[in-house]
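The values are calculated or read from the model by the stated rules, or taken from the named source; none is laboratory data. Bear in mind that the values here come from a model prediction, so they are computed numbers and not experimental data. For neighbour counting, all protein chains shown are included, and Cβ atoms are generated from backbone atoms with ideal geometry for every residue, glycine included.
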Amino acid sequence: MTLAKLKPGERGKITKIGSIGPIRRRLMDMGILVGEEIRVEKVAPLGDPIEVSIKNYNLSLRKKEAEGISVEGM
């Protein structure tokens, strides 16, 4: 399952970051790492962007970025 498929309020554990190049580096610099717990806070009305909470701070990700992050539901 990908991060983009989680609904607001759902949690997941990151299992894989499928993005490549600068996008992958940017995600990792923001703290999105394999093994971290992530929670979807809210999704914009048209589905983009997605606000997530990780390591006690909130981030907004584009839907395309969230589709490249594999998660395991909790």
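Numbers below:
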{"read-out": "Residues located in the range 52-68, provided they are touching a residue at least 40 places away in the same chain (Cβ under 8 Å) and assigned to a helix (DSSP H, G or I)", "value": "Lys63, Glu65, Ala66, Glu67"}
{"read-out": "Whichever residue in the range 5-33 is modelled with pLDDT of 90 or more and outside any strand (DSSP E or B) and, among such residues, is surrounded by the fewest Cβ atoms within 10 Å (Cβ to Cβ)", "value": "Lys7"}
{"read-out": "Given (1) surrounded by 15 or more Cβ atoms within 10 Å (Cβ to Cβ); (2) small (Gly, Ala, Ser); (3) touching a Gly at 6+ places or on another chain (Cβ under 8 Å), index of the condition Ala66 fails", "value": "(3)"}
{"read-out": "Residues being farther than 15 Å from Glu72 by Cβ, under 11 Å from the mean Cα position of the chain (by Cα) and in a strand (DSSP E or B) - total across the range 34-51", "value": "3"}
